[in-house]
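The values are calculated or read from the model by the stated rules, or taken from the named source; none is laboratory data. This one's a predicted model, so the numbers in the text were calculated from it and none came from an experiment. Every residue, glycine among them, receives a Cβ derived from its backbone with ideal geometry; neighbour counts consider all protein chains shown.
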Amino acid sequence: MTELVVNNVQKWLGGLQILKGASFTAERGSIVALLGASGSGKTTLLRCIAGLEQPEIGTIVIGGKTVLDGDKKLALPPEQRNIGLVFQSYALWPHRTVKENVGYGLKLRNVAAADIGKRVQAILDRMGLGHLADRYPSQLSGGQQQRVAICRALVYEPRVLLLDEPLSNLDAKLREEARYWIRKLILDLQICAILVTHDQGEALAAADNILLLQDGRIVQQGGPQEIYSNPNSFYSADFLGANNIVSGKVQTVDGKSAVIGGDGWSLNGTVREAAGVGQSQDARAVIRVEQIKVSDTPATDGIEMQLDDSVYLGDRWEYRLSRGDFTAKAHGTKQMAAGKVWAQIPQESIWVFSGAQK
Amino acid sequence: MSTHAQAPAALPMTKAAAEKKYPARMPRHGNASVYRIVVIGLLALAVLAPVGLIIYQSFLSAAFFSPRAKFGLDAYRYVFTDKNFYKALGTTAVFSFGMVAIAVPLGGLLAFLITRTDIKGKRLLEILVLVPMFISSIVLAFGYTVSVGPTGFLSLFIRGLIGFVPWNIYSLAGMILIAGLSHVPHVYLYVSSSMRNLPSDLEEAARTTGASIWQVSRDVTLPMVLPSLIFAASLNILLGFETFGIPLVLGDPNGIMVLTTYIYKLTTLFGTPTYQLMAVVAVVLILITLPLVWAQRKLLRNARKYVAMGGKGARVSTLKLGRSGQIIALGIIGLWLFVSVVLPIGGITVRAFVDAWGEGVNLFDQLTFANFDHLLDVPSLVRGIVNTVILSVVGGAVAVGIYLMVGLAGHRNWGASNTLLDYIVLLPRALPGLVIGLAFFWVFLFVPLLTPLRPTLVSIFVAYVVVGLSYGLRLLQSTLLQVAPELEESARTTGATIGRTWKDVVIPIVRPGLAGAWALIMIIFLREYATGVYLMGAGTEVIGSLMVSLLQTGAMNTIAALSLISVVLTGAGLALALRLGAKIHD
């Protein structure tokens, strides 16, 4: 069931357009991630959905209710949108106990006091916070505060749950746990959730759908695997994963395959640029680090390269490779001596885009 | 899931957007716009009405309620041809700049010693240095009269030693010196806060390149705090133009007049009130002070820019003074404190408990409570004390409530109403208390509906609220800004209207700040003396304004007793403010 429709939302700040027509829908029981670098407009888009920012153009429908309509100059305030928002800083009210923080939304909805108590206790218990009900936020750890913030946004069963970088204030280990249980919770409760993040790992692990934003536009959207392995632009390819970026010129083009080359090297790649590439044009190839296999014995389908150094990373070794002005990083399980090596890169993993490297 | 994979952004941009650079803003629903407009509108009325009435009156040939009043420039003609006016104007300018020349270097030095060195007793000094700011200048001026005036205690003592008194405070130089010394806290306040924010790594960087401590102070510290020094200077020029108590007490006996005392004297000059002339001088005063306030606003913005660059929470390492340095530094501060606090307050204290003094009189033989007994016998004086306490304690609380309402109306507000609010708040700063009091006196005479309120404390209270507006609102606004925006936004997304958010989140969080603000406003109302001069009537006496009118009769015993009561009340207010954790350093 579609809970959220965002259609062509555009927002200006002063003379600057920060959202340039964002459109997407979100379903109940799924998580949509808004992924992008800082300044891409992802948080602004989330705040537009919440009603904390007012876009000038566009429509937003939450749970069948139109909350924003640019043509009719209709913009409902946040409190009339029936949403829950989890802030990056959690924004728990310091003067209220955990119980009062969580119960506030129910109190505003005129739920009977006894009922409030029951529902608050139920959700706190579910999150393992039952024993902290009478504490103040300042007496909780960061992870506990985050869970309280989620309880507060969920307890009144909003149509859409908005999460603004909810994991960025947690330490790395806690973060991986949290993204797992947040996903589980949302699927269990069958909520529609929108997650804003700049961390690709978080988006890939937690979301059903990822919207990649660049400069106020959604440049690509799709499932995690789709968006990771099938980028439609240089930005998408470069934003996700750990990449080698190679600059050169297109030597030959043949339909979807192209040869890109430079000073003393050439690679057979796959054209990924939507508009195609032309002969002898500046081009860039994106190669995911994990797609390069390095061996110290000659391989017929491998390209001969110079191994400059092996760097120990703990769980693996990183190889620094070069051939002319083509430099690359690759991973492997053993240390190799500097010298001649062979790198195997599948043609479908060498993504060729037009344009010179900036 | 996606209906529009990548919606063409150009489509809706066709007509409207092609014509304009960007489309019209969406209306902000649920942003309490009605409340904001009503509150800001009422405030505008409360501030603009009296100012408007002054301007209107200045163009009439007689009092505005007189049937003979005609439009014209007669009043301007009279004032601009009166050589006393030019003399007063010149004196005011000399007085203001002279005051700045004393207060700014001394305030800067004190700020440096207290914030950047390891001077002993820092915590106590930080509070003591501000004391003169909290005492009304009429009390201070009176204090100087009884201690170092021609027949003051110290003067008599010195005369006994060397045969003559080597100073005369009833002169322009004396006035400037006393005003300069008593305005040191105003400078100290701004300069010390900018020095506190100055990270010492900047100074350390200079020292590691080989500069001596004094070179660092001159080449690094001074330029960094220069904006705040300039700001403090402009503030003091403004205060100089508005000052009333010191010129009235010290200048008037020798006929030295400044603009405020010139206005005050116009009342008595002709026997009947010459409202139109007073209005003209008030207009002139506003025309001088308003640009100063403007300039200050600009300066303050620049000063903030400087401070922000330094960054907050920077480690401040202090300069080691050494033994002789400590003695010199404490000596300077001690001497200043002696002259600006101990002399006047000590004088008042002694004077309040003696009836007669002079050469060869042993003060210990004269100790008496008669001054206070007498004070209790006069109903108007008792009422004055009671009214002052009511106005400051209750009125202060109500005023904080009003400032809070105004503060909320301007809280996270955008658009025209907020710009209006910014400018309305500036206006009272340009108006001396004497003029505000006069203007409200006229408003309460002029508006039929308000006339019954004139002989009540309400009229004085309203004027006080306007007098304290800039200071009080700044206190409240800075308190409100401490509430993180997410705390309000999270209430909104949880389902609270903006009113509920203010009630359930904002106000509970700022409550401790409100208590501090109340104590500070209380002190402001306690020390006020000029505003009530015209507004005060039988039944609505206040201590400060009673002293002004008693000065005319020369009832020194009563003034001394009232002064001491005023000092004690202020001290109690200050203690309460510190107890409530008020940020007196803001």
Hey, any hits in the stretch A:94-114 for a residue that's under 24 Å from residue B:503 (Cβ atoms) and either in contact (Cβ under 8 Å) with a residue 60 or more places away in the chain or not assigned by TED's automatic domain parsing to the domain that holds residue A:205 (or both)?
no
Qualifying strands (runs of 3 or more DSSP E) (wholly inside the stretch A:243-358; at least 2 residues being of a type in the set (Asp, Glu) and at pLDDT 90 or above):
A:303-312
Restricting to the stretch A:1-34, name every residue that is over 17 Å from residue A:50 (Cβ atoms) and either aliphatic (A, V, I, L, M) or not in a strand (DSSP E or B) (or both).
A:1, A:14, A:15, A:16, A:28, A:29
Go through (1) touching a residue at least 60 places away in the same chain (Cβ under 8 Å); (2) in contact with a helix residue (DSSP H, G or I) (Cβ under 9 Å, 6 or more places away or on another chain); (3) surrounded by fewer than 23 Cβ atoms within 10 Å (Cβ to Cβ) and name the single condition residue A:176 misses.
(1)
2 or more residues over 28 Å from residue B:257 (Cα atoms) and free of Cβ contacts under 8 Å to residues at least 12 places away in the same chain: qualifying helices (runs of 4 or more DSSP H) within the stretch B:155-233
B:200-208, B:213-216
Restricting attention to the stretch B:381-425, report how many residues are at pLDDT 90 or above and among the hydroxyl-bearing types (Ser, Thr, Tyr).
3
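Yes or no, residue by residue, for (1) crowded, with 22+ Cβ neighbours inside 10 Å; (2) of a type in the set (D, E, K, R):
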| site | (1), (2) |
| --- | --- |
| B:413 | no, no |
| B:435 | yes, no |
| B:472 | yes, no |
| B:475 | yes, no |
| B:486 | no, yes |
When the stretch A:84-96 is checked residue by residue, the ones that are facing chain B (nearest Cβ under 7 Å) and at positive phi are A:91
Subset of the stretch A:78-94 (residues that are of a type outside the set (Phe, Trp, Tyr), in contact with a helix residue (DSSP H, G or I) (Cβ under 8 Å, 6 or more places away or on another chain) and crowded, with 19+ Cβ neighbours inside 10 Å)
A:78, A:79, A:81, A:83, A:84, A:85, A:86, A:91, A:92
Looking at B:556, B:522, can you tell me which residue is modelled with pLDDT of 90 or more and touching a helix residue (DSSP H, G or I) at 6+ places or on another chain (Cβ under 8 Å)?
B:522
Looking only at the stretch A:95-132, which residues are crowded, with 21+ Cβ neighbours inside 10 Å and in contact with a Phe, Trp or Tyr (Cβ under 9 Å, 6 or more places away or on another chain)?
A:98, A:101, A:104, A:105, A:106
Condition met for residue B:581 (closer than 30 Å to residue B:196 by Cβ and assigned to a loop (DSSP other than H, G, I, E, B)):
yes
Listed by first then second residue, the pairs whose first member lies in the stretch B:388-405 and is more than 16 Å from residue B:470 (Cβ to Cβ), whose partner is buried (at least 22 other Cβ atoms within 10 Å of the Cβ) and of a type in the set (S, T, N, Q), with beta carbons under 8 Å and at least 6 positions apart or on separate chains, are B:388/B:566
When you go through B:481, B:535 one by one, which is the residue that is within 30 Å of residue B:413 (Cα to Cα) and over 19 Å from the mean Cα position of the chain (by Cα)?
B:481
The stretch A:35-61: number of residues that are touching a Pro at 6+ places or on another chain (Cβ under 9 Å) and within 12 Å of chain B (Cβ to nearest Cβ):
8
When you look at residue A:81, is it in contact (Cβ under 8 Å) with a residue 12 or more places away in the chain, more than 10 Å from chain B (Cβ to nearest Cβ) and among the charged types (D, E, K, R), yes or no?
no
